[in-house]
Each structure stands twice: as structure tokens, then as C-alpha cells.
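Have a look at the structure below before the remarks.
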Amino acid sequence: MSAYLHRFGRYLPERVVTNAELAARFDRTAEWIENASGIRERRYAVADESIADMAVLAAEDCLRDSREVGLLILASGSGATGFPGPAAEVAHKLGLENTPALDLPIASAGSVFGLALAMRLAEAHGNVLLIASEKMSALIGGDPNTAILFGDGAGAALISRDPGPWRLIDAVLHSDGQYRDDLKSDGTLTMNGLNVILHASRKMPGVIQELLDRNQVAASQVGAFMVHQANLNLLTRVAKTLGVDLEKFFSNIASYGNTSSASMLIAASEWSETNSVQGPVVFCGFGAGFHWGAVLAERS
Amino acid sequence: MPESRTDKLRKLIQDVAGKPAPADEDESLFESGLLDSFALPDLVSAIEQAFAIKVPDADLNPRKFDSIARIEAYLDSK
């Protein structure tokens, strides 16, 4: 069984929300926001721009003119509750009639879970279109510590059993529901920051090391780490724990903030346009649940 | 006179926080503003190194590290 990453896509809403704008709303300074998160600005969707709308645009950026898709997986934690989830709408808007469309409503780790599933399902379905789309601005409440972090956007990846630029090698996924109340949304996002950061700072390097160890790859051999863009301070600690240079962790959090599940694919999309790293690439995510995982890929 | 465990802990907290540890061993390190969410994992790592222990994921609870007294109690349990 082999699966390959072919290409990525992304969509970011036009509206730029700067730290200065949020500082005025939440009684913080722009400098405090940047020091606390590494974020300078983020994008917000307009009121009538839905998760499905953004997902379609990211998918079109990824697919270009092709519509050869055997399975669509849509990760989104900020979608409306109830059924059906947005995957069916996205498939319809892309013209993918009768193509199975699967929702993954698990927030920040959604794209790494989706990538691991796509890797294993490509053999049966051919081309798997993975999309992650989030409208986090709709969930922001009055807590400045969480409101400053989040932005909107969508990312996409095309995974196939047909050979492509990157071969997907292995994936490790974990969940621990005892922490389900520490990061959640019932329409408004709430986060126990102490516990979330404490666990993320240990579980992200932990799952990456678990993945590398069982594939006999040293962290120093990895060419790039494509990690959920939660907070620059968190990425710094993950890099330090693994003993690798922070420069190997691609980061665009300064421009887009934390876009939950979408962040890893948006980052991969930008990275893939500007980088020709030869070593293995590690994808990693952590978020509500807690769910966390990592995926290893190498140049074909 | 050898350094006591409490003195060693105070030094670790000061190194991580960049400010002196509180005199009151029961004072919350978080509610006092001495440690923030990113300093907590740094403190846990520093404790692991300084006392040659491994804090398992099951023990990753901020309350266990919320004061000098609670950290002492945690170290006693190891």
C-alpha cells in the first residue's frame, strides 16, 4: 500500500485584522499580543462567507482543473452542529456528484487526522481530497487570551495512490477524552490555556519522536516540520524539545494566526511553493479532545 | 551546608520566571502572575532535569505545580 501527496491549496479571506484592532477591543496592546502568540494579524471571513465557501475555494486552488476525486474529507471544528456537516455541500459545489464526502469535526488536529486517514484510504478510493476549513472568528467570545489567537481560512491537499512528489510513509494518532472540557466550543470557544499548553508542549514532540523512532529517522534528519500553527511560543518549545532548529518549523502564524485545523494545510501550501527540502517532512497537530498525531512523508 | 530541596526549587522557579519565587510556599505561582501558560512546561522540564525524575503525561496537571508546597508534595510522591 502506497499513498502520495500531490499538491496543496489554500484560501484566506480578504479582511485583515491587525493586533492594533484587537488591542482596542480587548484592552491589550498590540505588542502584548505579538509577544504572547507571535501573531501580528489574522484574516476574518465576512458574515455570509461560510466554512463550505472557504473550503470550495481552497479545494479549487488545490485541484485546479481536475475533478478526479474518489473521496472528500472535510475537517472543521467550527462548523455548525447538527447534520449534515459541510462535506456534502462542498462536494456538491465542487461538482463531485456521488463522491463520498466525510466530515471530521475535531478542530485543530483535524487535518493531521485527515491526512492519516487519506493515506490509508487512497488505496481504495484513488484520489482523496482533504480540506480543512475554519471560521474561528464566529466562535470568539470576550476572553482576550483566546480572542487574540484565532483567524479564519481553509487549506487543502490531494492525496493519491498514484505516484506523486511526496510518499506518505507512516502516521501515529492519539486521543485522550479526559481533557475534552479543556478546549471546546458550544458556539463560543473556551480554553483552559494552562492545561492545553502544558499537554501540547509535551504531546506534540512526544508523538513526533514516537513516529520518528519507529521509522528509524533522527529528528536532525527531518527537512521540515509542518505543524499546526497554534502559537509561536509553542512551536519554539516543540523544536527545543526535539533538539532541532526552529528554522525547520515552517511558520506563517504571524500573518494568519491560529486557523485551527486549516493551519497545517495552509502552511504546507505556502511552504510547498517556496521550498525544495530534500529530507523527510513531518506533519503534526494537537487540539481539542485532546486529539494529536503526526504523519511522516519523504520525497518520492 | 548543602542546598535544601526547597532552595533548589526556588532557584528553578526564579530561573524560569525571571523573578524571585514567593516567600509563601502556598502562594499560587499562576494566580500571582509569576508563571504563565508557557512557563509551566518549562518549569516541569526544569524539575525533571534537576531532580532526575520523569513526569508522566498522567501527572501533567497544572495544580500539581501551582505552588512550592504542591511541587514539594509531588516530589514526595515520586
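The values are calculated or read from the model by the stated rules, or taken from the named source; none is laboratory data. Because the structure is a prediction, the values reported are computed rather than measured. Glycine also receives a Cβ, built like all others from the backbone with ideal geometry; neighbour counts cover every protein chain displayed. With ligands, DNA and RNA removed, areas are computed over all heavy atoms of the protein, side chains included. Shrake-Rupley method; radii C 1.70, N 1.55, O 1.52, S 1.80 Å.
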Q | Within-14-Å neighbourhood charge of A:L212 [Cβ basis; K, R +1; D, E -1] | A | -2
Q) Among the lysines, which have Cα under 30 Å from the Cα of A:K135 when same-chain residues fewer than 8 positions away are ignored? A) A:K93, A:K184, A:K203, A:K248
Q: Springs between alpha-carbon atoms under 10 Å, Gaussian network over chain B: tell me which of B:L43, B:L60, B:L35 tops the mean-square fluctuations.
A: B:L60
**Q.** Largest-first ordering by accessible area, 1.4 Å probe, given options B:E27, A:E247
**A.** A:E247, B:E27
Q: Please work out whether segment B:5-77 counts as rounded, prolate or oblate from its C-alpha gyration tensor, where a ≥ b ≥ c are the square roots of the eigenvalues and a/c under 1.5 means rounded, while otherwise a/b larger than b/c means prolate and anything else oblate?
A: rounded
(Q) Can you compute the charge dipole magnitude of segment B:5-77 about its Cα centre, using +1 on each Lys and Arg Cβ and -1 on each Asp and Glu Cβ, nothing else charged? Give it in debye, rounded to the nearest 20. (A) 220
Q. Just the accessible area for A:K93, please: 1.4 Å probe, Å², rounded to the nearest 10?
A. 100
Q: Sequence neighbours fewer than 8 away in the same chain don't count; with that in mind, list the aspartates and glutamates whose C-alpha is under 19 Å from B:K78.
A: B:D7, B:E48, B:D57, B:D59, B:D66
Q: Using Cα pairs closer than 8 Å and at least 6 residues apart in sequence, work out the relative contact order for chain A, in percent.
A: 27
Q: Between the alpha-carbon centers of segment A:186-200 and segment A:91-139, tell me the distance in whole angstrom.
A: 24
Q: Identify the residues of segment A:255-296 with backbone N under 19 Å of a label point that sits 7 angstrom from the Cα of A:E34 along the Cα-to-Cβ direction, or state none.
A: A:255-258
Q) Given a 1.4 Å probe and the protein chains all in place, what does the accessible area of B:K54 round to, in Å² to the nearest 10? A) 140
Q: Once you have a ≥ b ≥ c as the square roots of the Cα gyration tensor eigenvalues for the protein assembly as shown, tell me rounded if a/c is under 1.5, and otherwise prolate or oblate according to whether a/b is larger than b/c.
A: prolate
Q) How much of the accessible area of segment B:5-77, in percent, comes from carbon and sulfur atoms when a 1.4 Å probe is used? A) 44
Q: With springs only between Cα atoms under 10 Å apart, run a GNM on chain B and tell me which of B:V44, B:V55, B:V16 wobbles the most.
A: B:V55
Q) In debye, nearest 20: dipole of segment B:1-42 around its Cα centre with unit charges on the Cβ of K, R (+) and D, E (-)? A) 220
**Q.** Per residue accessible area of chain A, 1.4 Å probe, in Å²
**A.** 39
Q) Pick from A:D176, A:D103, A:D152: which is most flexible by mean-square fluctuation in a GNM of chain A where alpha carbon atoms under 10 Å apart are linked? A) A:D176
Q: Compute the accessible area of each residue in segment A:185-220 twice, once for its chain alone and once with every protein chain present, using a 1.4 Å probe on heavy atoms, and list those whose area falls by at least 20 Å².
A: A:L194, A:N195, A:I197, A:L198, A:H199, A:R202, A:K203
Q: Tally up the carbon and sulfur contribution to the accessible surface of segment A:74-194 as a whole percent, 1.4 Å probe, everything protein left in place.
A: 52
Q) Where does each of A:180-193, A:64-77, A:278-291, A:251-264 land if you order them by average Cβ count within 10 Å, highest first? A) A:251-264, A:278-291, A:64-77, A:180-193
Q: Only Lys, Arg, Asp and Glu count, each charged at its Cβ (+1, +1, -1, -1), so figure out the dipole size of the protein assembly as shown about its Cα centre, rounded to 20 debye.
A: 680
Q. Average partner chain C-beta neighbours within 10 Å, per residue of A:123-131?
A. 0
(Q) Interface size between chain B and chain A, please: total buried accessible area, 1.4 Å probe, rounded to the nearest 100 Å². (A) 1300
